[in-house]
Every structure is written in structure tokens, then in C-alpha cells.
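Quick note: the coordinates plus some simple rules give every number you see, no bench work behind them. Because the structure is a prediction, the values reported are computed rather than measured. Cβ atoms come from the backbone with ideal geometry, glycine included; neighbour counts cover every protein chain shown.
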Amino acid sequence: MRLILLGPPGAGKGTQAQRLMDAYNIVQLSTGDMLRAAVAAGTEVGLRARAVMEAGDLVSDDIVVGIISDRVDEPDCKNGFILDGFPRTLAQAEALELMLTEKKLRLDAVIEMQVDDGLLIDRVTGRYTCANCGAGYHDKNLKPKVDGVCDNCGRTEFSRRADDNAETVASRLQAYHEQTAPLLPFYRAKGNLQTVDGMADIDDVTKAMRTLLGVG
Ligand code: ADP
Ligand code: ADP
Ligand code: ZN
């Protein structure tokens, strides 16, 4: 199974990718996570990406296309993958088409997660993750069962992304509308775009996705 999750920052791509990974035994490929790892490791890519990400702008197409092309060749992608946050521009979508053709791979679905802009600022500024296992939480929408303790691993340290502040979110939303939203008609024209209501409860979004993927 090979999927693209399309949606603005805070739409729930990462949250749902984690659940689909477990259900379908496929891997999540998040260009955002890979770029943050490169920044943390101080690699050449990280040095080039850091300021761009902090400003809420998009990193160059060449960098992310290169990262994805290498990653898809890894053995753990054999069973399939979920692209989370890639492609984000028409140039990336076109590069992806070419890449998949060359690798003789086919996309099964492109799923758009629809969430109104008004909800996204709160989604993003309230987001945090477990510093140990990466489990995702939200200040209001998804709290750990025991305050301050990760449900998944029991640890008590959490982190927030440097770019999850109100000011940067505004730039990221603008980048989404200007550069990523044109991918919707692009994939619709190819006949593989499907849409879910990303404003429903987290469990209901998962159900809707599993239903449209044919494994309810
Ligand atoms: P994305 O990967 O699209 O940027 P995330 O999956 O990180 O978005 O979700 C952003 C924040 O919103 C997280 O804190 C998450 O817990 C919360 N969230 C995700 N889906 C929902 C939902 N359907 N309803 C309410 N909150 C949600
Ligand atoms: P979100 O989960 O909020 O949608 P991501 O983690 O996907 O955010 O991305 C964080 C930042 O990383 C983006 O604002 C952008 O600077 C950079 N980035 C991630 N994926 C891409 C991509 N495909 N093309 C260009 N820049 C990207
Ligand atoms: Zn944890």
C-alpha cells in the first residue's frame, strides 16, 4: 500500500500516519521529521534547511526529492509507505511521478484531510510529543491519561517544535494555500484523490480512512 496524505499543517497527517502504519504494516515517510533530524545532526542538508523551516517557508524541491528518492529504496519500504508532508509543490509531485515510474511503483491513493484554517492555529500551537518515543499529544484535544506521563512509554519529558508558534504557523498556512493546494486539482484530474473530514474526532478520521482504503 502506497499513500499520500495531503493537508495543511495541523490537519492530522502525522497522527493518522502512525495509526495506518500499524494497521497496514507500512512505514511513515515524513519529510518534516527527516529534515528535523538533519537539522539536529548538523548535516549539510540540515544547515541549509534550518532557517527556512524556522521561517515557515518550504525547503527547496531538490533537497526533499533527493531525501525521498533515497528513502524509498530502503528495505523497510518494500511493503509500502505513507508520504506525510511530501509532495508539497507541483514540482515535487511531478518529480514523484517520474521517480515512481522509474522504480516501477504505483500509488494506491491520495487522501486529502480537510480542516478549516480557523482550527489549525490551535492544533499546531497546542501540539507536543514525547521526547522519548515521539508519541503525539495536544494541550486540549489529546492529553495523556495521566497528566505529564506518556501513555506509550511512561516517560515524563515532552518537546515542542521550534516552528509550532502562531507567527510561523501563519507563514506555513500561506505556503500551503499557495504552493501545496494546487496538488488537489492535480491528483483529482488523475482520478486518485479522496477526501476525509479532518475535523471529526481522531478515531472517526481513522475509521473513514480505513473504510476508503478498503480495510474497515
Ligand atoms: P500534521 O502532521 O498534519 O501537521 P498532527 O497529526 O501533528 O498534524 O496533528 C496536529 C495536532 O492536532 C496534534 O497535537 C494532534 O494531537 C491534534 N489532532 C490531530 N488530529 C486531530 C483531530 N481529528 N481532532 C483534534 N485534534 C487532532
Ligand atoms: P506539518 O506537520 O506542520 O505539516 P512538517 O513537519 O511536515 O509540518 O514540515 C515542517 C517544515 O519542514 C515545513 O514548514 C517546511 O519548512 C519543511 N518541509 C517539510 N516537508 C517539506 C517538503 N515536502 N517540501 C518543502 N519543505 C518541507
Ligand atoms: Zn513516550
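Per-residue Karplus couplings for the stretch 110-118, computed as 6.51 cos²θ - 1.76 cosθ + 1.60 with θ equal to phi - 60°, are listed in order as 10, 10, 8, 9, 8, 9, 5, 3, x Hz, Gly and Pro entered as x. Annotation: the antiparallel percentage among DSSP beta bridges lying fully within the chain is about 30. Across the chain, the convex hull enclosing all Cα atoms gives 124 Å³ per residue. Pairs of Lys residues in the chain are counted when their Cα atoms are under 26 angstrom apart and they lie 8 or more places apart or on different chains; the count is 18.
Unpaired Cys in the chain, meaning no second Cys C-beta under 4.7 Å: C77. Once the chain from L142 to D61 is taken as fully extended at 0.36 nm per residue, the excess over their C-alpha distance is 25.9 nm. Taking amide H positions as modeled 1.01 Å from N, with prolines and chain starts lacking one, the residues under 5 Å from F158 and 5 or more places away or on another chain are A131. Classified by the C-alpha gyration tensor, the stretch 105-216 has an oblate form. Its axis ratio a/c, with a ≥ b ≥ c, is 1.5 or above, and a/b does not exceed b/c. Sequence-distant contacts, meaning Cα pairs under 8 Å at least 6 residues apart, place the relative contact order of the stretch 60-216 at 27 percent. In this structure, the amide hydrogen of L58, modeled 1.01 Å from its nitrogen in the peptide plane, lies closer than 5 angstrom to no residue at least 5 positions away or on a different chain. Judged by the gyration tensor of its Cα atoms, with axes a ≥ b ≥ c, the stretch 1-64 is prolate; a/c meets the 1.5 cut and a/b is the larger of a/b and b/c. Amide H contacts for A109 (H built 1.01 Å from N in the peptide plane; partners 5 or more residues away or on another chain; cut-off under 5 Å): R2, I4. In whole angstrom, the stretch 156-216 maps to an equivalent ellipsoid with semi-axes of 27, 22, 9, each derived as √(5λ) from the alpha carbon gyration tensor and ordered largest first.
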